[in-house]
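Nothing in this text is a laboratory measurement; each read-out follows from the coordinates by a stated rule. Predicted model only: the values in this text are computed from it and were never measured. No Cβ is skipped: glycine too gets one built from the backbone with ideal geometry, and neighbour counts run over all protein chains shown.
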Amino acid sequence: MNLKAGSGDREHTETSSVYPPSEEPGRQNYFIEKCREHVSALAVSRGRSLTFHITTLGCQMNAKDSEKLKGILLQIGYRWTDSEDADFVLYNTCTVRENANLKVYGHLGYLQSLKKKQPDKIIALCGCMMQEADVPEKIRKNYRLVDIVFGTYNIYKLAEILWERFFTGKPVVEIWDDAGQIVEELPSYREFPFKSGVNITYGCDNFCSYCIVPYVRGRERSRKPEHILAEVQKLADEGVVEIMLLGQNVNSYGKNLPTPVTFADLLRRVERVDGIRRIRFMTPHPKDFSEEVLAVMRDSEKICHQIHLPLQSGSTRILKKMNRRYTKEQYLALVDTIREYLPDASISTDIIVGFPGETEEDFEETLDVVRQVRYDAAYTFLYSKRSGTPAAKMEQVPEAVAGERFGRLLDTIHENQADAIRKNLGRTLDVLVEKENDVHGYLTGRLENNTLVHFPGDTGLIGKIVPVKLTQEKGFYYFGETVS
Ligand code: 5AD
Ligand code: SF4
């Protein structure tokens, strides 16, 4: 299945005398307009506006993609609703671990019951899980309630795909085998008025042996710096104060551009955009982390001293089998260098437990790194076998063994994490206020190092950066009070 843009007969079945443009983003704007007319006619006939709901699973990339999908649907004239009773329900899926897939299949049963009550409901699935070899076929055969399936490479084409569904009344499955162009300047809706993710690369070339991402998100592509800077400038003009530069391996940004640019160069240029006060990035790969980036961070007023540095395993033997291309010693040396440049840096990580062939000794090496680094936060995962990846064919660790190690790892992380947070207790630090807390009269915000802080305050402070005295620590968050 590889239905590239403009290859079908749809252009010639148009009733309108105007053919869709072949160039983007004009082509999508054309289909947004077609859908808008159709949705508006449906609203008149149903006597109410049409609604949509998007469920986003997975990482920051998916969250960013969902903002783009939401932007397109709002432009088409759908209204957002928090409920899955919506006229258009979209699942933006993840497939990094098997659980994510099971969640989607489980949920389709529930959507089936909703669709019985609302036969005109449109159900769509997109994202990483749809790029897996057998998934679209399985859905077509076993889940006939699904009207639209598309992947990761063609999310910008939502309006064109939806138009096809409206026009033909038949299910539409459009999965591309590889990435097409990067389409700029389509609508996007921001979840937060004051902070935003900004894509800098798409895809990944690292092929860690456990990971499905390179297969479902394709080869690494960098956005041109002028496009990134224009987006950051636009965000700043709209009042955004914090941006997160997004990529699977941000340190390799720009290598394949016609005029190569380094990540350090990009950071320097983003720093110069007025109005932006905090810059974060996610995710650097330890093997590509340059000292130049650390120097830029040290000299910067805006780049947060927060580094997410996935470890995955502390055993050099396992790291080799994972194809991570660094050793335990190189990783620890990098942490030392980070702390030389940025003594106050907050360091977080991802760790996989139970990778094929992991022995007790290998696992002890992971605990050793956790004790030495004293992470501020660590995200831990039980290894999940993803078919098509090299690790799926390796000898698996029994579930019970992996589960037992997982518990010990969590304990070790928590013991060390509690120490890290005490460093700032009693200090007054800047907090970007994000939202009202569930506790009445309280607000929740984040320190530069990303730690959560809850404190009493007025909702008028949301979106502002305010000094807060950190009065109590609770393991991985603080309570505080504003100071004038
Ligand atoms: N099993 C478990 N965890 C995985 N990750 C990626 N692939 C797998 C897998 N097959 C974790 C890695 C990565 C994070 C985003 O997800 O730790 O850094
Ligand atoms: Fe997956 Fe490794 Fe790429 Fe991260 S760097 S997305 S873990 S292949």
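Values for this structure:
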quantity: Relative exposure of 337, 380, 459, judged by other C-beta atoms within 10 Å (fewest first); calculated: 459, 337, 380
quantity: Convex hull per residue volume in Å³, alpha carbons only, for the chain; calculated: 165
quantity: FRET E, pair residue 140, residue 350, Förster distance 35 Å, beta-carbon r, rounded to 0.05; calculated: 0.55
quantity: Ranked list, fewest to most other Cβ atoms within 10 Å of each Cβ, for 80, 176; calculated: 80, 176
quantity: The chain, relative contact order [Cα under 8 Å, separation at least 6], %; calculated: 10
quantity: Order of 129, 322 under a 10 Å beta carbon neighbour criterion, fewest first; calculated: 322, 129
quantity: Spin-label pair residue 337/residue 22, simplified geometry with 7 Å Cα→Cβ offset, distance in nm; calculated: 4.8
quantity: Placed amide H near residue 149: partners under 5 Å, 5+ positions off or other chain; calculated: 125, 172, 173, 174
quantity: Prolate/oblate/rounded label for region 137-252 (Cα gyration tensor, a/c 1.5); calculated: oblate
quantity: Efficiency of FRET between residue 327 and residue 37 - r from beta-carbon atoms, R0 51 angstrom, step 0.05; calculated: 0.30
quantity: Fully extended contour minus Cα-Cα distance, from residue 81 to residue 317, at 0.36 nm per residue; calculated: 80.0 nm
quantity: Nearest 10 degrees, 0 to 90: helix 60-76 Cα axis against the chain principal axis; calculated: 30
quantity: Base-10 log of normalised Debye intensity for region 409-481 (one unit scatterer per alpha-carbon) at q = 0.16, 0.20 Å⁻¹; calculated: -0.53, -0.76
quantity: On Cα atoms only, tilt of 399-422 relative to the major axis of the chain in degrees; calculated: 70
quantity: Prolate/oblate/rounded label for region 243-290 (Cα gyration tensor, a/c 1.5); calculated: oblate
quantity: Percent RCO, i.e. relative contact order, over region 216-310, from Cα pairs under 8 Å lying at least 6 residues apart; calculated: 31
quantity: Interatomic Cα distance distribution for region 198-335, bins of 10 angstrom, percent; calculated: 12, 40, 34, 13, 2
quantity: Between 0 and 90°, nearest 10: helix 26-46 axis offset from the chain longest Cα axis; calculated: 70
quantity: Label-point gap, in nm, between residue 359 and residue 399 - each point 7 angstrom along Cα→Cβ; calculated: 2.6
quantity: Residue 415 paired with residue 44, simple spin-label distance in nm, labels 7 Å along Cα-to-beta-carbon; calculated: 7.1
quantity: Helical mean residue ellipticity (222 nm; -39500 (n - 2.57) per DSSP H run of 4+; nearest 500) of the chain; calculated: -11500 deg cm²/dmol
quantity: Dipole magnitude of the chain, debye to nearest 20 (Cβ charges: Lys/Arg +1, Asp/Glu -1, about Cα centre); calculated: 800
quantity: Low-density loop positions, trypsin sites (Lys or Arg not before Pro), region 232-301 - DSSP coil, at most 13 other Cβ in 10 Å; calculated: 272
quantity: Cβ-derived FRET efficiency at R0 25 Å, residue 63 paired with residue 408, nearest 0.05; calculated: 0.20
quantity: Between region 213-251 and region 383-427, the Cα center-to-center distance that results, in Å; calculated: 29
quantity: Those GluC sites (Glu not before Pro) in region 250-308 that DSSP places in a loop and that have at most 16 other beta carbons within 10 Å; calculated: 301
quantity: 37 °C / 0.692 mPa s Stokes-Einstein diffusion coefficient of region 317-406, Kirkwood radius on C-alpha pairs, µm²/s; calculated: 230
quantity: DSSP-loop chymotrypsin sites (Phe, Trp or Tyr not before Pro) across region 417-484, with at most 16 other Cβ within 10 angstrom; calculated: 476
quantity: Table column - 3J(HN,Hα) (Hz), region 372-382, Karplus curve with 6.51, -1.76, 1.60, x for Gly and Pro; calculated: 6, 7, 6, 4, 6, 7, 9, 9, 10, 9, 6
